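What follows is a set of notes on a single structure, which appears directly below.
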Amino acid sequence: MPTMTSAKPIEVPAIESVRKRLEAVGQGHLLNFYDELDAESRRSLLAQIASIDMESLPGLIRAYVHQKPEFALPESVAPAQYYPLAETKTGRTWDREHFRAKGQSLIRVGKVAAFVVAGGQGSRLGYEGPKGCFPAGAVTGKPLFAIFAEALLGARDRYGVDIPWYIMTSPLNHAQTVSYFEANGHFGLKPANVMFFQQGMMPTLDIKSGKVLMAGKGEVATNPDGHGGSLRALWQSSAIEDMKRRGVEIISYFQVDNPIVNVVDPVFIGLHATAPDSSAQMSSKMVSKRDAAEKVGVFCCHGAGRHVGRVEVIEYSDLPGELAEQRMHDGSLRFCAGSIAVHVLGVKFVEELNRNTAGTGFALPFHRAEKKVACIDPETGSAVTPSANNAVKLEAFVFDALPLCEKSIVLETDRVEEFAPIKNASGVDSAESSSRIQTQRAARWLESLGVELPRDGSGAPDCTLEVSPRTATNADELASAAAGRLPKRVERGQRLAL
Ligand code: UTP
């Protein structure tokens, strides 16, 4: 199976030169226990240190640990324009079927690849193992990776083409992810069309001193460099080269935690590639925010200045309350476009970003996250299990590439149709809420096809439903795929998978 490496093999340098290099940047403690280590652990520690860009640390520590970077609101910030679900909403009319046809023909001729970012730590879910192995199907309990594979098999059935699938992992879950695919026969996909590569890691920093934390006497504490690290990893791993060899020009980007994502959406791809207000560099999907306080990033644009019209996502914590609360005449939120982390990227765009920064390597700005990270005391070597945040993690976010696009489009979608993320062990964005949304979506499709459904007092479907993306990605596809197989009615409490 193709596994692409993110970086060149690292040469292990001599201990004295490493000590000097570390001391010059205030990180000499990383070798405090070196003399106690066996030969293999010494080699591994030195290799780990060699893989870290130590020279950039003092600047990063100044900017992100000793102070918190100030967010600068774009000049005359305005809501981003978007292609609405219903034309009546914004008055913007557009021909969905025209763009669907454009997207379909791009898919059919093999210009589209799927790309899932699956290198995260999944700490909120607290699941042992890669998040993609988590059971997510409302009825079948199918793992997320199996569901995405079914989406690609469905696309193959519909478009008559194998869609290559790129999977970004991190050193935390790479080996487990690859073996999981092997053990499951790649879920029916051709192994040659499934490519794995690893993202970069960043050292995890002590929240007070900025010193790099130690996971053990012979191990530096590190964290994956964020989904924004994917733009560099796609390049460094040669995934971009592989795409070009295959004639792929468009990358359909999604996160590993959303089982109802439309893995290859022809309308979105058609808009990205051919809409007059798209530069075919990077496009995004949004859902209407539930309320002003919902914690999602919002698509905005620069209303004035050098970058007028450029789109950017402003995190909920950075959008001033008075803007978040602003309303339109009809009472709807003015800044309504919530990001669901679904994008389309141009292969050329990713290539150019990296080629233009060939010397230093392409990097997006970091965001600072305060976390509790188990580590050892660098003086005594004893284990530290923090009860309060003791660490700063630096992560890049993929949406920070949006302002680098000349013109970027945003497409509205319906939450119930495409967004049922599993982030937490319970409550909001959990397996349980995802299962409810999966059921709601299937219920909607089935009812539109005349199937009777039981509903409870609150109007929610009183059954559990799941439609595999191999069967259908919308009601029309369900109508043709399941013609003659659909029940007349679903019984109360029934569990039905199609
Ligand atoms: P999240 O922001 O939900 O982070 O990632 P996470 O690491 O999965 O979970 P928590 O915050 O620790 O609970 C959103 C998507 O981005 C990917 C994740 O795998 C997920 O698909 N991601 C995140 C990466 O691929 N690499 C990263 O460094 C971070």
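Any residue at all in the stretch 129-136 that is surrounded by fewer than 23 Cβ atoms within 10 Å (Cβ to Cβ), within 28 Å of G427 (Cα to Cα) and among the charged types (D, E, K, R)? Within the stretch 129-136, not a single residue is surrounded by fewer than 23 Cβ atoms within 10 Å (Cβ to Cβ), within 28 Å of G427 (Cα to Cα) and among the charged types (D, E, K, R). In the stretch 351-361, the condition of being over 23 Å from E249 (Cβ atoms) and either touching a Ser or Thr at 6+ places or on another chain (Cβ under 8 Å) or assigned to a strand (DSSP E or B) (or both) is met by no residue. When restricted to residues that are farther than 20 Å from A151 by Cα and either among the β-branched types (V, I, T) or touching a Cys at 6+ places or on another chain (Cβ under 8 Å) (or both), the stretch 237-275 contains 2. Contact map, the stretch 464-480: residues that are free of Cβ contacts under 8 Å to residues at least 40 places away in the same chain paired with residues that are open to solvent by 40 Å² or more (accessible area, probe 1.4 Å) and outside any helix (DSSP H, G or I), Cβ distance under 9 Å, separation 6+ or inter-chain. Pairs shown: V467/A497; A475/L449; L478/L449; L478/L486; A479/L449; A479/L486.
Table: residues versus (1) open to solvent by less than 10 Å² (accessible area, probe 1.4 Å); (2) more than 16 Å from the ligand (Cβ to nearest atom); (3) at pLDDT 95 or above.
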| site | (1), (2), (3) |
| --- | --- |
| I167 | yes, no, yes |
| F187 | no, yes, yes |
| K208 | no, yes, yes |
| D225 | no, no, yes |
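Mind checking which residues of the stretch 342-360 are in contact (Cβ under 8 Å) with a residue 60 or more places away in the chain, open to solvent by 20 Å² or more (accessible area, probe 1.4 Å) and either of a type in the set (S, T, N, Q) or within 16 Å of the ligand (Cβ to nearest atom) (or both)? Listed by number, the list is empty, since nothing qualifies. Residues in the stretch 400-421 that are open to solvent by 30 Å² or more (accessible area, probe 1.4 Å) and not aliphatic (A, V, I, L, M): 8 in all. Counting only helices (runs of 4 or more DSSP H) that sit completely within the stretch 16-129, those holding 2 or more residues that are at pLDDT 95 or above correspond to 39-50, 57-64, 96-108.
Among the residues making up the stretch 317-346, those that are assigned to a loop (DSSP other than H, G, I, E, B) and touching a Gly at 6+ places or on another chain (Cβ under 9 Å) are D318, L319. Do you know which residues across the stretch 64-90 are free of Cβ contacts under 8 Å to residues at least 40 places away in the same chain and open to solvent by less than 60 Å² (accessible area, probe 1.4 Å)? The answer is A86, and nothing else. Scanning the stretch 431-459 for residues that are in contact (Cβ under 8 Å) with a residue 24 or more places away in the chain, over 19 Å from E477 (Cβ atoms) and open to solvent by less than 20 Å² (accessible area, probe 1.4 Å) yields S434, P454. The residues of the stretch 227-249 that are more than 10 Å from the ligand (Cβ to nearest atom), open to solvent by 10 Å² or more (accessible area, probe 1.4 Å) and not aromatic (F, W, Y), listed by number, are R232, Q236, S238, E241, D242, K244, R245, R246, G247, E249.
So, in the stretch 368-399, how many residues would count as being part of a strand (DSSP E or B) and open to solvent by less than 40 Å² (accessible area, probe 1.4 Å)?
Of all residues in the stretch 368-399, those part of a strand (DSSP E or B) come to 368-371, 375-376, 383-384, 391-396.
Then drop every residue that is not open to solvent by less than 40 Å² (accessible area, probe 1.4 Å), which leaves 369, 375-376, 391-394, 396.
So the count comes out to 8.
Cβ-Cβ distances below 6 Å connect the following pairs, each with a first residue in the stretch 236-261 that is in contact (Cβ under 8 Å) with a residue 12 or more places away in the chain, a second residue that is within 16 Å of the ligand (Cβ to nearest atom) and among the polar types (S, T, N, Q), and a separation of six or more residues or different chains: Q236/S6; S237/S6.
Would you confirm whether or not the stretch 103-114 contains a residue that is within 16 Å of the chain's Cα centre (by Cα) and within 14 Å of the ligand (Cβ to nearest atom)?
To start, the set of residues in the stretch 103-114 that are within 16 Å of the chain's Cα centre (by Cα) comprises 113-114.
From the residues that got through so far, the ones that are within 14 Å of the ligand (Cβ to nearest atom) too are 114.
Scanning the stretch 103-114, I find at least one residue that is within 16 Å of the chain's Cα centre (by Cα) and within 14 Å of the ligand (Cβ to nearest atom), so the answer is yes.
Checking each residue in the stretch 278-318 for being crowded, with 20+ Cβ neighbours inside 10 Å and either among the aromatic types (F, W, Y) or without any contact (Cβ under 8 Å) to a residue 24 or more places away in the chain (or both) picks out only F299.
The values are calculated or read from the model by the stated rules, or taken from the named source; none is laboratory data. Owing to the predicted nature of the structure, the values given are computational and were not obtained by experimental measurement. Ideal geometry is used to build each Cβ from the backbone, glycine not excepted, and the neighbour counts take in all protein chains shown. The protein model used for the area step is the full one, side chains on, heavy atoms only, and it has no ligands, DNA or RNA in it. Shrake-Rupley method; radii C 1.70, N 1.55, O 1.52, S 1.80 Å.
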